[in-house]
Amino acid sequence: GYDVRKLCYPSWLMNCLAEVGINSNVLPKVVSPGEVIGKITSSASKQFGIHANAVVVGGTTDSNAAFVAAAAASGSFPTYGTAVTSLGSTLAIKMLSRSYVENSTFGVYSHRFPTLGKRSGDKENVGEEAWLVGGASNVGCAILRQEQFSNDELVALSENMDVTTPSPFFYYPLTKRGERFPIADGSKEPILAPRPESRAEYLKGIFQGISLVERMGFQVLGELGCDPLFPDVVWTCGGGAKNNAWIQMRERLLEEGVGSIANVKVMKAENAEASYGAAVLAASSFV
């Protein structure tokens, strides 16, 4: 496919086309996300009922658009060090980095990303290369259903949970054998023992276990070359974003893990819809 680092098609592909006598013009032109391509054609305008002066811009993947939505819903554009954690059935993290990071062992990948704006006083963001670096673990909220926590029970047990102190239980809450990130181990077994009599303490231990996997994930991204090394803002989407106690716990654990590198703020994303992110991406082309 297209080489997103060199911004060209790879030589092996061009050579293959040349060997069989196919002109490289058959390959589509590739543009950056949010880059203006041109005005809509009159035929498409009439067919789909779109305004004749509408402009077409380059798109992105649904997960990248969701990242933009989550980070931009607060009214600010994502900048370096902005991260989004998805707490769905599994845990996935993405962080905006100055540097390209890729590691097939851990399933870490990078998408080229437009720099959409800057924080007040940050003069380094505009015009720089930006990469959305991500990885996905097999732990996540699916374990809560496996352990038969109902929605009502999750609300009740979380209400009085002391998230300022650590749990004595250090779980690795997989639903089954095998992990991909931040530990690449196909034989890794779930760790859900010892199990306390208190369901509240058990839930706190599971929350802590998933939170520590998240922290380890960001640490691995930093070790592999992310710049900055650790996020300063983590927006949260997915079912786990509804739990305020868990958000507070994650913020404390991320702060403890980062030390003096940065201050970390963890917040619920008000919007994580890919359609909203695509609209923000398009609008950024005209700012």
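The values are calculated or read from the model by the stated rules, or taken from the named source; none is laboratory data. No experiment lies behind these values; they were computed from the predicted model shown. Every residue, glycine among them, receives a Cβ derived from its backbone with ideal geometry; neighbour counts consider all protein chains shown. Areas reflect the complete protein model, heavy atoms only, side chains present, ligands, DNA and RNA absent. Shrake-Rupley method; radii C 1.70, N 1.55, O 1.52, S 1.80 Å.
If the condition is being under 27 Å from the mean Cα position of the chain (by Cα) and not in a loop (DSSP other than H, G, I, E, B), then region 3-34 contributes Asp3, Cys8.
Yes/no matrix, rows are residues, columns are (1) free of Cβ contacts under 8 Å to residues at least 60 places away in the same chain; (2) farther than 20 Å from Gly59 by Cα; (3) outside any strand (DSSP E or B):
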position: Ala69; (1), (2), (3): no, no, yes
position: Gly75; (1), (2), (3): yes, yes, yes
position: Tyr80; (1), (2), (3): no, yes, yes
position: Ser86; (1), (2), (3): no, yes, no
position: Ile93; (1), (2), (3): no, yes, no
position: Leu96; (1), (2), (3): yes, no, no
position: Val101; (1), (2), (3): no, yes, yes
position: Thr105; (1), (2), (3): no, yes, yes
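Which of the residues spanning region 256-287 are surrounded by 15 or more Cβ atoms within 10 Å (Cβ to Cβ), β-branched (Val, Ile, Thr) and at pLDDT below 85? Matches in region 256-287: Val258 only. Residue count for region 61-109, restricted to those that are open to solvent by 30 Å² or more (accessible area, probe 1.4 Å), touching a Phe, Trp or Tyr at 6+ places or on another chain (Cβ under 7 Å) and not small (Gly, Ala, Ser): 4. Step by step: first the residues of region 150-176, then only those that are charged (D, E, K, R) and more than 17 Å from Ser89 (Cβ to Cβ), then the one that is most open to solvent (accessible area, probe 1.4 Å). Which residue is that? Restricting to residues being charged (D, E, K, R) and more than 17 Å from Ser89 (Cβ to Cβ), the top hit is Glu159. Among the numbered conditions (1) open to solvent by less than 30 Å² (accessible area, probe 1.4 Å); (2) touching a residue at least 60 places away in the same chain (Cβ under 8 Å); (3) not in a helix (DSSP H, G or I), the only one that Gly225 does not meet is (1).
Would you check if Lys188 is in a loop (DSSP other than H, G, I, E, B), farther than 18 Å from Leu87 by Cα and not small (Gly, Ala, Ser)? Step through it out loud before you land on a result.
On the way: in a loop (DSSP other than H, G, I, E, B): yes; farther than 18 Å from Leu87 by Cα: yes; not small (Gly, Ala, Ser): yes.
Taking the combined requirement at face value, the residue satisfies it.
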